[in-house]
């Protein structure tokens, strides 16, 4: 936070470029169809993938810096065609530091049917705190997608939303957390698909979903050093 | 375009050899069953994969140069057994610079049932402009497959056609664009399969499909330098 | 067994860290959701994955050593959030030397429906000796998961149990055997899913299942050197 | 054929060891469950994988040489537990130079239901000349599996047989051809599964299947140098 602004953007360029490798590793994206962005903390800026560039060719240098209206501030390339949606989310949700968009196949299949993914798995309770909701159909190019994302997420604990006939958007406190949500969303969408393909998954009690979500958000992983520690 | 012909062919040999790696990366092909070709611009020639050679062993040197009747002009190996179909497409469609053939599993499953893939996804509207159509059953060895491809594509915006009981052919302005269409075709075929496996995908309005297709073809990706630029 | 204790733990740290690569190789895990542990033979200790650490970053040094009540004995990081379940299994089953937990998709789909996997495959008879059973739903954090695993396995020859709405736990004489059981469990769960998706698998006689299991446990693989050999 | 016998066996050890990498590349096998063998031409011998050894650890040195009754002739390790089935095939079918066994998931799902794979795809007509048949259930350890393979293949053009509740065996003029048949069998089994999952595949005329098979067996790939050529 206290980093010199140029250095901060340099680090985010590197991190955003590198995080796209998780999208290909987990096979969430085909060709160039998926993108990661990060908010530049304390500034009205974000770092985002360039449009239509191969994942193998992404590097810190070719990431694009835009302001939160989607206007390019730094970079020779055009930003992702989903820039308006990312920007809308950053404007509307100050706590969000990263946004990811994919068309990962299982999640997008639920989105094509307009069906939210009901919560039948402890891993879904952990990460999503309940169902993964469906947002409206919206055309690319204006604020409709961003608005649909924000309004749908408002009523849920889920960091992922399935946009109807389209694909997945996820959010996180930083880009890495949003990428994790995209990976887990596809994993959950796949397991839920397989479960339902041969019958009906067993219900989980709402109180158990709450308990799991609360524990995971507060206990899982490594504790960051406390503010008092040197 | 103004390159010396020998150099142009050398570049296309390299590009066609290398593009096969995208077919294996996306698991569109098993063993040696799938091939890429490129038209040599301004000449009555194409560069195509040799028949039955391992993807690991493809190199610029072993690509085969044929004329557009499929007769070998350069190269010690026999060309792909699908050469006649590629050649027919180049003869009939002057705007096509690349052709790809695969038996990718999800797309071929639709082809086995003789069902076109209806358009329920924005990514399909973007790349295919509507349904991905089905062409006739045709035996290999003459012009029947090529004719089936060309006649079926004539009525659609799709750069991909599902040949009945057989597999996929895609076209593009160059070989890379045809490979992209093959990758996206399997991705769409898979998502559409998964969507329909558990219910019915929601319809998309034709006007939205048109708007998406138009935007993607004209706005997506990086703008090439304008003719006036140095 | 006769190794110096410090050296023994060093070897187990290395082996447990390395075995996680099999979970990613076979795509049994997403992000950080899956863990391997090993009992330290002859001591009240186990070696287990740290919580929420990337698989790429696992190394002998960051494995955690706990006692069999789950209390950290060596290591700077918090142990896996599933430590209590691993510890319970080691306390209750002295013959168990390794425990693995995953949410592998096909197996977890059976777990979501609460359906055991019936034995229709020789490979399942070999490794699991019959059906792969389902354990109860249990919340993380106390002894409930461990107790559910132990009580369910008690009635079966299977080294794998599907915990309801949750995932898979497997055991083995060492960590490697437990990892093998996790890999085979997903493979069987997938094949069984595919078989049932298009009809009914044919039954196998119990006497054949017994014969296969007995042979596999006693004849398969390389014979260890006999105790009498030097 | 005219090679010195020791050199011939050395080459086959290398080729058999290396061909197992195709089984893992195409994900036909889990853990150690799948094996390749090659007949030593002109001798009563075969080269086969050792039992229960990791695919990563296979090397020319640890392949096992057995006679065609399955008795080890060269090698310190026990041969594959499927050695008796391989040996039976070599004794009964003198034209066979390679045998492969896998439990690849889609093919094994058809085997679990005891359903042959009907021919709805040109790629299946090419390689298999019609349906892929199902052989009987048979216990490992004697001649029953080998006998089941040979008797089932006798009535078909297919180099692959689905053994009931078990898995796949394929044959070829050499080990590489048998591995190709194993790869194509899973590819066809998967596409056929996907096709049938959403409806009925369209029929192919027997005369077309015959024409495709004949062409593929005689025209596809590179022509070997004619006997008269130097």
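The values are calculated or read from the model by the stated rules, or taken from the named source; none is laboratory data. Since the model is a prediction, treat every value here as computed from it, not as a measurement. Please note: Cβ atoms are built from the backbone with ideal geometry, for glycine as well, and neighbour counts cover all protein chains shown.
Among the candidates D:36, D:29, D:96, D:89, which residue alone is touching a strand residue (DSSP E or B) at 6+ places or on another chain (Cβ under 7 Å) and either without any contact (Cβ under 8 Å) to a residue 24 or more places away in the chain or part of a strand (DSSP E or B) (or both)?
Result of the check over D:36, D:29, D:96, D:89: D:36.
Out of (1) modelled with pLDDT of 95 or more; (2) part of a loop (DSSP other than H, G, I, E, B), what's the single condition that is false for residue C:141?
Of everything listed in (1) modelled with pLDDT of 95 or more; (2) part of a loop (DSSP other than H, G, I, E, B), residue C:141 misses just condition (1).
Of the numbered conditions (1) more than 25 Å from residue D:38 (Cα to Cα); (2) at the interface with another protein chain (Cβ under 7 Å from one of its Cβ atoms); (3) in a helix (DSSP H, G or I), residue D:209 fails exactly one; give the number of that condition.
Condition not satisfied by residue D:209: (2).
Given the conditions (1) in contact with a helix residue (DSSP H, G or I) (Cβ under 7 Å, 6 or more places away or on another chain); (2) over 17 Å from residue C:12 (Cα atoms); (3) within 14 Å of another protein chain (Cβ to nearest Cβ), report the number of the one that residue C:118 does not fulfil.
(1)
Which residue pairs have Cβ atoms under 6 Å apart, sit 6 or more places apart or on different chains, and have a first residue in segment D:130-145 that is more than 16 Å from residue D:161 (Cα to Cα) and within 11 Å of chain C (Cβ to nearest Cβ) and a second that is at pLDDT below 95 and surrounded by fewer than 20 Cβ atoms within 10 Å (Cβ to Cβ)?
Between residues of segment D:130-145 that are more than 16 Å from residue D:161 (Cα to Cα) and within 11 Å of chain C (Cβ to nearest Cβ) and residues that are at pLDDT below 95 and surrounded by fewer than 20 Cβ atoms within 10 Å (Cβ to Cβ), there is no close pair.
Scan segment C:46-86 for residues that are touching a strand residue (DSSP E or B) at 6+ places or on another chain (Cβ under 8 Å), part of a loop (DSSP other than H, G, I, E, B) and closer than 30 Å to residue C:151 by Cα and jot them down.
C:49, C:51, C:63, C:68, C:70, C:78, C:80, C:82
Check whether at least one residue in segment B:176-185 is in contact with a helix residue (DSSP H, G or I) (Cβ under 6 Å, 6 or more places away or on another chain), at pLDDT 95 or above and surrounded by fewer than 24 Cβ atoms within 10 Å (Cβ to Cβ), and report yes or no.
No, every residue in segment B:176-185 fails to be in contact with a helix residue (DSSP H, G or I) (Cβ under 6 Å, 6 or more places away or on another chain), at pLDDT 95 or above and surrounded by fewer than 24 Cβ atoms within 10 Å (Cβ to Cβ).
Given the residues B:199, B:221, which is the only one that is at pLDDT below 95, at positive phi and facing another protein chain (nearest Cβ under 8 Å)?
Being at pLDDT below 95, at positive phi and facing another protein chain (nearest Cβ under 8 Å) holds for just one of B:199, B:221, which is B:221.
Would segment D:97-112 turn up any residue that is away from chain C (no Cβ under 14 Å), surrounded by fewer than 24 Cβ atoms within 10 Å (Cβ to Cβ) and closer than 30 Å to residue D:43 by Cβ?
yes
Pick out the one residue from D:163, D:184 that is touching a residue at least 40 places away in the same chain (Cβ under 8 Å), more than 10 Å from chain B (Cβ to nearest Cβ) and within 17 Å of the chain's Cα centre (by Cα).
D:163
Answer yes if at least one residue in segment B:151-158 is more than 14 Å from chain D (Cβ to nearest Cβ), at pLDDT 95 or above, assigned to a loop (DSSP other than H, G, I, E, B) and under 16 Å from residue B:85 (Cβ atoms), and no otherwise.
No, segment B:151-158 contains no residue that is more than 14 Å from chain D (Cβ to nearest Cβ), at pLDDT 95 or above, assigned to a loop (DSSP other than H, G, I, E, B) and under 16 Å from residue B:85 (Cβ atoms).
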